Amino acid sequence: RLVSRMGLDIAMKALAPLLKTYSDMLFALAGTGPTEESLKRLVYSLGVADKVLFLGFVSDETLKRCYEASDMFIMPTVALECFGLPIIEALAFGLPVISTDAAALPELMKPILPACVVPAGNVEALTEKVRAYLESRLNLPEPEEFVNYVKERYGFELISHRMVEFLEG
């Protein structure tokens with residue numbers, strides 16, 4: 001959802017200089033919400049409207065294709081993130097993730113990508129972390145390690161077994 005707590009305005013401000021520098025870089029946003037128009041105005045004012053794709057609502061199949069077509073995933077949340085399912089989804093597709101330290105996000109990130117957590121709301125930190133990724137200055141696990149991380153902690157068999165145990169009490 002395109003809502004204030006997602007920190008997408010922070011992401012736009014952080015990515016704008018990089019989008020201007022790296023000619024083949026694009027940033028895609030999936031979803032709709034109350035901040036959509038203000039985000040579009042911000043992107044235009046930052047001079048990167050041609051580099052940011054507003055995809056709107058996407059089906060599960062389109063979302064899968066978005067993950068498959070991506071090189072990385074950014075979770076710029078500033079507040080109220082209880083779990084971070086999009087991070088798990090991105091990792092399951094083998095994507096590196098840069099996230100903020102908002103709410104529960106560090107719990108997901110620190111075991112697999114501790115160096116990719118930035119302070120929530122910090123434009124400069126997010127810019128620098130994405131720049132480090134683009135310049136291959138981050139020591140990242142291989143994509144298979146991301147996939148295995150998700151399978152080992154959040155795979156269907158594991159979670160369904162835990163749910164049955166919980167429900168049977």
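The values are calculated or read from the model by the stated rules, or taken from the named source; none is laboratory data. Not measured: the values here are computed from a predicted model. Here the Cβ is made from the backbone with ideal geometry for all residues, glycine too, and neighbour counts use every protein chain on show. Ligands, DNA and RNA are excluded from the accessible area calculation, which covers all protein heavy atoms including side chains. Shrake-Rupley method; radii C 1.70, N 1.55, O 1.52, S 1.80 Å.
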Selection from 90, 38, 116, by position along the positive dipole direction of the range 1-121 (Cβ): 38
Size of electric dipole in the chain: Cβ of Lys, Arg +1 and of Asp, Glu -1, about Cα centre, debye, nearest 20: 560 debye
Unit charges on C-beta of K, R, D, E only; dipole of the range 31-100, Debye: 180 debye
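Taking a ≥ b ≥ c as the square roots of the Cα gyration tensor eigenvalues, with a/c under 1.5 meaning rounded and otherwise prolate when a/b beats b/c, else oblate, which class fits the chain?
Cα axes put the chain in the prolate bin.
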J(HN,Hα) series, the range 117-131, from Karplus relation 6.51 cos²θ - 1.76 cosθ + 1.60, nearest Hz, glycine and proline x: 10, 10, x, 4, x, 8, 4, 5, 5, 5, 4, 5, 5, 5, 4
Peptides 158-168, 62-72, 88-98 ordered by average Cβ neighbours within 10 Å, highest first: 88-98, 62-72, 158-168
Electrostatic dipole magnitude of the range 84-169 [Cβ: Lys, Arg +1; Asp, Glu -1; Cα centre; debye, to 20]: 200 debye
Long pairs among 13/51; 20/129; 20/40; 13/129; 110/151; 129/151, criterion Cα-Cα beyond 20 Å: 129/151
Dipole axis of the range 127-169 (+1 Lys, Arg; -1 Asp, Glu on Cβ), positive-most option in 130, 159, 169: 130
Placed amide H near residue 31: partners under 5 Å, 5+ positions off or other chain: 55, 56, 57, 58
Solvent accessible area, Å² - residue 9, 1.4 Å probe, full protein context: 60 Å²
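Tell me the carbon and sulfur percent of the accessible area for the range 1-85, rounded to whole percent, probe radius 1.4 Å.
Accessible surface attributable to carbon and sulfur in the range 1-85 totals 56 percent.
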Helical contribution to [θ] at 222 nm, DSSP H n ≥ 4, -39,500 (n - 2.57), averaged over the chain, rounded to 500: -15000 deg cm²/dmol
Rounded to whole Hz, the Karplus (6.51, -1.76, 1.60) HN-Hα couplings of the range 161-169, x for glycine and proline: 4, 5, 5, 4, 4, 4, 5, 7, x
Peptides 130-143, 38-51 ordered by average Cβ neighbours within 10 Å, highest first: 38-51, 130-143
Prolate/oblate/rounded label for the range 77-169 (Cα gyration tensor, a/c 1.5): oblate
